[in-house]
1. May I ask you to say which residue of B:Val17, B:Val45 is on the phi < 0 side of the Ramachandran plot and buried (at least 24 other Cβ atoms within 10 Å of the Cβ)?
2. Looking at A:Ala110, A:Ala94 in this structure, which one is more than 18 Å from A:Asn56 (Cα to Cα) and open to solvent by less than 20 Å² (accessible area, probe 1.4 Å)?
3. Determine whether A:Leu85 is part of a strand (DSSP E or B), surrounded by 19 or more Cβ atoms within 10 Å (Cβ to Cβ) and in contact with a helix residue (DSSP H, G or I) (Cβ under 7 Å, 6 or more places away or on another chain).
4. Restricting attention to the stretch B:30-41, and to residues there that are open to solvent by 20 Å² or more (accessible area, probe 1.4 Å) and not in a strand (DSSP E or B), which single residue is nearest to the other protein chains (Cβ to nearest Cβ)?
5. (1) under 22 Å from A:Thr21 (Cβ atoms); (2) within 12 Å of another protein chain (Cβ to nearest Cβ): which one isn't true of B:Ala71, the others all being true?
6. Across the stretch A:97-107, which residue is nearest to A:Ala55 (Cα to Cα) among those that are open to solvent by less than 30 Å² (accessible area, probe 1.4 Å) and touching a residue at least 40 places away in the same chain (Cβ under 8 Å)?
7. Looking at the stretch B:31-40, is at least one residue free of Cβ contacts under 8 Å to residues at least 60 places away in the same chain and more than 14 Å from the chain's Cα centre (by Cα)?
8. Residues of the stretch B:116-130 being in contact (Cβ under 8 Å) with a residue 60 or more places away in the chain, more than 21 Å from B:Lys48 (Cβ to Cβ) and open to solvent by 30 Å² or more (accessible area, probe 1.4 Å), which ones?
Protein chains: 2
Amino acid sequence: VDVIPDSHRDLAEKGGVGFLTTLGPDGSPQTTAVGFFFDHDAFLVTVKSSRQKVANVGRRSDCTLFLVDPANPYHALEIRGRAELVPDDDYVLAAKVAEHNGATVEQVRALDGPGEHRLCIRIHPVKCNVEHIAS
Amino acid sequence: VDVIPDSHRDLAEKGGVGFLTTLGPDGSPQTTAVGFFFDHDAFLVTVKSSRQKVANVGRRSDCTLFLVDPANPYHALEIRGRAELVPDDDYVLAAKVAEHNGATVEQVRALDGPGEHRLCIRIHPVKCNVEHIAS
């Protein structure tokens, strides 16, 4: 998508760990580390149904995904977006995220206990900011 | 403070870069990378007055500071807190943050243009979560 500057597209495409912030019941932010896959349109994050962030984005879709080069914190990208919850009962999207991050869909599946199911959070970028540490 | 588990206190004490999320005018999250200093009571972040995050925390104090070991993303800590804006016209707090992160207060001072002044965001931890990537 156009909003990601070419200078920071590597951060989106290489996968790895991002920092996803969603809004809790009282509107305050909650941040978690997540693996992700960028499908050139949106960022996919795989979650089980019992996670707080599932409830959070179901209530309010505003979120940020923050990506940073672990070797160079000055190379970073903030993606402000809207999160959409997509059912992933057959683990097709989970497999994409897992395989892009050196894991297997079996490893994801093993995380899901009885009564849980698998969802994908699709993060549609609205605005991206190139980040600098200087403040 | 008690809310930081001993297992993750290293992340608080070593300084470096953290990911600070504040709430924009419409309540949506905004994340930026920041240097910080932990004074064993609160986290200090130095900012110039023109920054969006100054307006954000002035409006609403809820924030998160996310700390992660660059060498091991599985070693991470989410600090949910309340942000307090503290005047820092004499750069005393800016110096603490800068020096803890291998910079100098002169480098901080050089960031401030005419009509700007220096503030400190003090982040008082309310709750800490040890983070895992598994979702």
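The values are calculated or read from the model by the stated rules, or taken from the named source; none is laboratory data. The structure presented is a predicted model; accordingly, all values stated were derived computationally and were not measured. Don't worry about glycine lacking a Cβ; one is built from the backbone with ideal geometry, like all the others, and counts go over all protein chains shown. What goes into the accessible areas is simple: the full protein's heavy atoms, side chains included, and nothing from ligands, DNA or RNA. Shrake-Rupley method; radii C 1.70, N 1.55, O 1.52, S 1.80 Å.
1. Details: B:Val17 fails: buried (at least 24 other Cβ atoms within 10 Å of the Cβ).
Checking each option against the conditions leaves just B:Val45.
2. On the way: A:Ala110 fails: open to solvent by less than 20 Å² (accessible area, probe 1.4 Å).
Residue meeting the stated conditions: A:Ala94.
3. Details: part of a strand (DSSP E or B): yes; surrounded by 19 or more Cβ atoms within 10 Å (Cβ to Cβ): no; in contact with a helix residue (DSSP H, G or I) (Cβ under 7 Å, 6 or more places away or on another chain): yes.
So A:Leu85 does not fit the description; no.
4. B:Asp39
5. Tallying (1) under 22 Å from A:Thr21 (Cβ atoms); (2) within 12 Å of another protein chain (Cβ to nearest Cβ), B:Ala71 fails exactly one: (1).
6. Step one: of the stretch A:97-107, the residues open to solvent by less than 30 Å² (accessible area, probe 1.4 Å) are A:97-98, A:105.
Next, from what is left, pick out any that are touching a residue at least 40 places away in the same chain (Cβ under 8 Å): A:97-98.
Numbers: A:Val97: 21, A:Ala98: 22 Å.
So, considering only residues that are open to solvent by less than 30 Å² (accessible area, probe 1.4 Å) and touching a residue at least 40 places away in the same chain (Cβ under 8 Å), the one nearest to A:Ala55 (Cα to Cα) is A:Val97.
7. Taking every residue of the stretch B:31-40 in turn, none turns out to be free of Cβ contacts under 8 Å to residues at least 60 places away in the same chain and more than 14 Å from the chain's Cα centre (by Cα).
8. As a first pass, look at the stretch B:116-130 and keep what is in contact (Cβ under 8 Å) with a residue 60 or more places away in the chain: B:116-128, B:130.
Now restrict to residues that are more than 21 Å from B:Lys48 (Cβ to Cβ): B:124-128, B:130.
Residues satisfying the conditions are B:His124, B:Val126, B:Lys127, B:Val130.
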